[in-house]
């Protein structure tokens, strides 16, 4: 676990946090350990579980500290799958299938309009691609499920040229995490996974690509990309109708939906606890650790990673509420505050 001194000096170049030194890893199952033995307040964990509902688990220092609901049920994680797409993008680069995140989509046969011809994988993973919007790539932010559809179609059908299940579960990729229930993608390419398996994905990111003594993904990906990738002052897209000129359909929502929050806090499909143009004086979640980052999916499907506490919370069908950056009264902030308080120490 990172100490206070390590936190004070632990920022790496580009803003990524130092990786905890925890050496305990799950085998075929997460090993349970009482919260008090891990320095956690069990009453706060119980309060968190009651407030969230649904299914969930809390991992601390590589051990299962608390769980509730059905741990094995494989649910649709909706937009929480998006960081998994970016994880598989990094694997593609490591495997030399792709030169970098800045390769243009035109190299994969898409007949993009002149406005969009500079679009890259980075733009798609940052919600700044401009696809189906009036602006060119990089000019504006829009939470854009038409662009995510383009992202996943390019990733699986034109880059890997394999079914999503085969790509994700390959032994040299996420299959190395010894998933208990396995990853399945439905017809819409959304991820079906149990909370205990999604927690492994969070644990993999907390340890910056390392798993049980092996560096599965090179740490350079996390040094470069484990941070917001949307500029702080980037404007929001102009009001306009969806313009899906490739006729690819949507991953689920519109080309400008869900939230206007994103500049300063979004990158490679993760949400980070930073300030933004819309909340310049407050962190996204004021009562969460500065290094927290989350995947956020509709229907209460979220995964929270607290590197400085060595903790991961995976929650499906939870009562998370909407993302409202900088709002201490929001359910999302209150849940993260409970998790943070649980880490302040057991009450005996």
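Has region 158-168 got at least one residue that is modelled with pLDDT of 95 or more, touching a strand residue (DSSP E or B) at 6+ places or on another chain (Cβ under 8 Å), crowded, with 24+ Cβ neighbours inside 10 Å and in a helix (DSSP H, G or I)?
So the first thing to find is which residues in region 158-168 are modelled with pLDDT of 95 or more, and the list is 158-168.
Then drop every residue that is not touching a strand residue (DSSP E or B) at 6+ places or on another chain (Cβ under 8 Å), which leaves 163-165, 168.
Adding the requirement that they be crowded, with 24+ Cβ neighbours inside 10 Å leaves 168.
Those still in the list that are in a helix (DSSP H, G or I) too: 168.
Yes; the residues of region 158-168 include at least one that is modelled with pLDDT of 95 or more, touching a strand residue (DSSP E or B) at 6+ places or on another chain (Cβ under 8 Å), crowded, with 24+ Cβ neighbours inside 10 Å and in a helix (DSSP H, G or I).
Checking each residue in region 111-139 for being closer than 16 Å to residue 250 by Cα and either surrounded by fewer than 24 Cβ atoms within 10 Å (Cβ to Cβ) or over 21 Å from the mean Cα position of the chain (by Cα) (or both) picks out 130, 131, 132, 133.
So for region 284-296 (the condition being under 24 Å from residue 254 (Cβ atoms), under 17 Å from the mean Cα position of the chain (by Cα) and part of a loop (DSSP other than H, G, I, E, B)), does at least one residue qualify? Yes, some residue in region 284-296 is under 24 Å from residue 254 (Cβ atoms), under 17 Å from the mean Cα position of the chain (by Cα) and part of a loop (DSSP other than H, G, I, E, B). Restricting 281, 334 to those that are under 20 Å from residue 53 (Cβ atoms) and surrounded by fewer than 21 Cβ atoms within 10 Å (Cβ to Cβ) reduces the list to 334.
If you check residue 143 against the conditions, is it assigned to a loop (DSSP other than H, G, I, E, B) and closer than 17 Å to residue 229 by Cα? Yes; evaluated as a whole, the condition is true for this residue.
Taking region 228-265 as the search range and keeping residues that are on the phi > 0 side of the Ramachandran plot and under 19 Å from the mean Cα position of the chain (by Cα), which one is surrounded by the most Cβ atoms within 10 Å (Cβ to Cβ)? Checked region 228-265; the qualifying residue surrounded by the most Cβ atoms within 10 Å (Cβ to Cβ) is 262. Against the definition (surrounded by fewer than 20 Cβ atoms within 10 Å (Cβ to Cβ), in a loop (DSSP other than H, G, I, E, B), in contact (Cβ under 8 Å) with a residue 24 or more places away in the chain and out of contact with any helix residue (DSSP H, G or I) (no Cβ under 9 Å at 6 or more places or on another chain)), how does residue 172 come out, yes or no? Spelling it out, it is not the case that residue 172 is surrounded by fewer than 20 Cβ atoms within 10 Å (Cβ to Cβ), in a loop (DSSP other than H, G, I, E, B), in contact (Cβ under 8 Å) with a residue 24 or more places away in the chain and out of contact with any helix residue (DSSP H, G or I) (no Cβ under 9 Å at 6 or more places or on another chain). Applying a threshold of 7 Å to beta carbon distances and a minimum spacing of six or more residues, or different chains, the list of pairs starting in region 129-149 at a residue that is on the phi < 0 side of the Ramachandran plot and without any contact (Cβ under 8 Å) to a residue 24 or more places away in the chain and ending at one that is part of a loop (DSSP other than H, G, I, E, B) and surrounded by fewer than 22 Cβ atoms within 10 Å (Cβ to Cβ) reads 136/118; 137/118.
Yes/no per residue for (1) over 23 Å from the mean Cα position of the chain (by Cα); (2) over 15 Å from residue 336 (Cα atoms); (3) buried (at least 22 other Cβ atoms within 10 Å of the Cβ):
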{"site": "25", "(1), (2), (3)": "no, yes, no"}
{"site": "29", "(1), (2), (3)": "no, yes, no"}
{"site": "37", "(1), (2), (3)": "yes, yes, no"}
{"site": "40", "(1), (2), (3)": "yes, no, yes"}
{"site": "45", "(1), (2), (3)": "no, no, yes"}
{"site": "51", "(1), (2), (3)": "no, no, no"}
{"site": "56", "(1), (2), (3)": "no, no, yes"}
{"site": "63", "(1), (2), (3)": "no, yes, no"}
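Being closer than 14 Å to residue 202 by Cβ and in a helix (DSSP H, G or I) is the filter here, so list the residues in region 297-322 that pass it.
307, 309 - these are the residues of region 297-322 that are closer than 14 Å to residue 202 by Cβ and in a helix (DSSP H, G or I).
Residues that are touching a strand residue (DSSP E or B) at 6+ places or on another chain (Cβ under 7 Å) and in a strand (DSSP E or B) within region 181-222 comprise 184, 185, 191, 192, listed in sequence order.
For (1) modelled with pLDDT of 95 or more; (2) touching a strand residue (DSSP E or B) at 6+ places or on another chain (Cβ under 7 Å); (3) assigned to a helix (DSSP H, G or I); (4) over 23 Å from residue 215 (Cβ atoms), each residue gets a yes or a no:
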position: 2; (1), (2), (3), (4): no, no, no, no
position: 5; (1), (2), (3), (4): no, no, yes, yes
position: 20; (1), (2), (3), (4): no, no, no, no
position: 30; (1), (2), (3), (4): yes, yes, no, no
position: 37; (1), (2), (3), (4): yes, no, yes, yes
position: 43; (1), (2), (3), (4): yes, no, yes, yes
position: 51; (1), (2), (3), (4): yes, no, yes, yes
position: 56; (1), (2), (3), (4): yes, yes, no, yes
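The number of residues in region 305-319 being touching a helix residue (DSSP H, G or I) at 6+ places or on another chain (Cβ under 6 Å) and surrounded by 24 or more Cβ atoms within 10 Å (Cβ to Cβ) comes to 8.
The values are calculated or read from the model by the stated rules, or taken from the named source; none is laboratory data. Computed from a prediction, not measured in an experiment: that's the story for all the values here. Reconstructed Cβ throughout: ideal geometry from the backbone, glycine too, with neighbour counts over all protein chains shown.
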